[in-house]
1. Could you please put Lys217, Lys283 in sequence from largest to smallest accessible area, using a 1.4 Å probe?
2. So between Asp249 and Glu129, what do we pick up on full extension, going 0.36 nm a residue minus the alpha carbon distance?
3. What nm value, rounded to one decimal, do you get for the distance between Arg313 and Glu194 when each label is placed 7 Å out toward the C-beta?
4. Which number comes out as Rg/Rh for region 218-371 once both Rg and the Kirkwood Rh are worked out on C-alpha atoms?
5. Given N residues in region 216-273, what is Rg(Cα) / (2.2 N^0.38 Å)?
6. Quick one: accessible surface of Glu181, probe radius 1.4 Å, all protein chains present, in square angstrom to the nearest 10.
7. Roughly what would the spin-label model give for Asn335 and Val14, points 7 Å off Cα along C-beta, in nm?
8. Accessible area, 1.4 Å probe, largest first: how do Val235, Val346 sort?
Amino acid sequence: MEIVILAVVIAVVVIGALGGLVVGSRRKKQLPPPPPATPDITAPPAEPHVGEEAEKPRDEPRRTIEEVDLPDGGTAPATVEEPPVVEELEIPQVEVPEPTAGRLVRLRARLSRSQNALGKGLLTLLSREHLDDDTWEEIEDTLLTADVGVQPTQELVERLRERVKVLGTRTPEELRALLREELITLVGPDMDREVKTEPATSKPGIVMVVGVNGTGKTTTTGKLARVLVADGRSVVLGAADTFRAAAADQLQTWGERVGAHTVRGPEGGDPASVAFDAVKEGKELGSDVVLIDTAGRLHTKTGLMDELGKVKRVVEKQAPLDEVLLVLDATTGQNGLVQARVFAEVVNITGIVLTKLDGTAKGGIVVAVQRELGVPVKLIGLGEGADDLAPFEPEAFVDALIGD
């Protein structure tokens, strides 16, 4: 029993000794944290001292000017900034139109290619061995198809029948001379075809251009300006067509090409006001001619035609109109004559401009429109070129009709 108790005591003592060793080893491993380091405190910068408290200047090495390396030339080159490049505005180049003298003669070849169907047809019929009634009817049909008109056709056929009967022989040369003479008589060589641009009293001469839509009225006004400038005249353009989109821009472009000033107003504005201002500026600038382009009105609309009459009256408050030109499309035939009648009732037409005369064999419209209005054809348009507007010359026109 004692031995057991002694064994238990020894075991307890051994276990306690081992436990102490374990605890001691753990305490040796967990060391206390080191004390916090004292932060470095930066002293504030010392205030500058003056007077006796001022610090003595420190001796620093200094270089003389001879020891300093300077760039070549002794001084640094000054940087000169280039001025910004200013883009120049593009100034439209002023064109020099070709002279108007003999312009129709120069364009005769073009006219004859499209127009001489009338003359060649007549010469072919007149050259037949027997000129019976059927042949003369064919001659009448040829003239009517060319829009010569009923009354002028009957007069021409009667004169031709009489002269052929008296002549007896009918050589090609004689027939051509006969036909040329009769056609020139029919066209009217004695009519005054000068475009009146020189007023009797003082400048400027005033020309108003009228016509329906699609006849080439604005283009004709621009081409007429070229004709006048080519003859040494100064021109002011009045863009009184304020209803058609870009009409004023189109006319201004024509004017800029030859150096003519253009007066325009707001789109949809009062045409009479623009026409009034154009004449006023023409006087102030001392211009030779004022060309007024009016709106292309449908001749069936009474209100628009009345407005055209208003434009005429407003212009005449400053100066009388020297010329009223009616622009007609030569391809419209008898419909063009209807238009001419209505315009003649509203404004006093003094001259006719026939456009698109190069695209049809209906040259007889020259005769018909002159008979209808009692006024001459003064200008003809022979193409799309800028200088294709020419003064009308009866002899050159007839020569183009019948060919060489």
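1. Working: Lys217 10, Lys283 90 Å².
Ranked from most to least accessible, the order is Lys283, Lys217.
2. That works out to 37.3 nm of additional length.
3. Placing both labels 7 Å beyond Cα along the Cβ direction yields 3.3 nm.
4. Radius of gyration relative to Kirkwood radius: 0.96.
5. On the way: Rg = 11.1 Å, N = 58, 2.2 N^0.38 = 10.3 Å.
Cα Rg divided by the expected 2.2 N^0.38 Å: 1.08.
6. Result for Glu181: roughly 90 Å² accessible.
7. 13.9 nm
8. Most to least solvent-accessible, the answer reads Val346, Val235.
The values are calculated or read from the model by the stated rules, or taken from the named source; none is laboratory data. Just so we're clear, the structure is a prediction, and the values are computed from it rather than from any experiment. Cβ sites come from the backbone with ideal geometry, for glycine too, and all protein chains shown count toward neighbours. Each accessible area value is taken on the protein alone, full model and side chains, heavy atoms only, with ligands, DNA and RNA left out. Shrake-Rupley method; radii C 1.70, N 1.55, O 1.52, S 1.80 Å.
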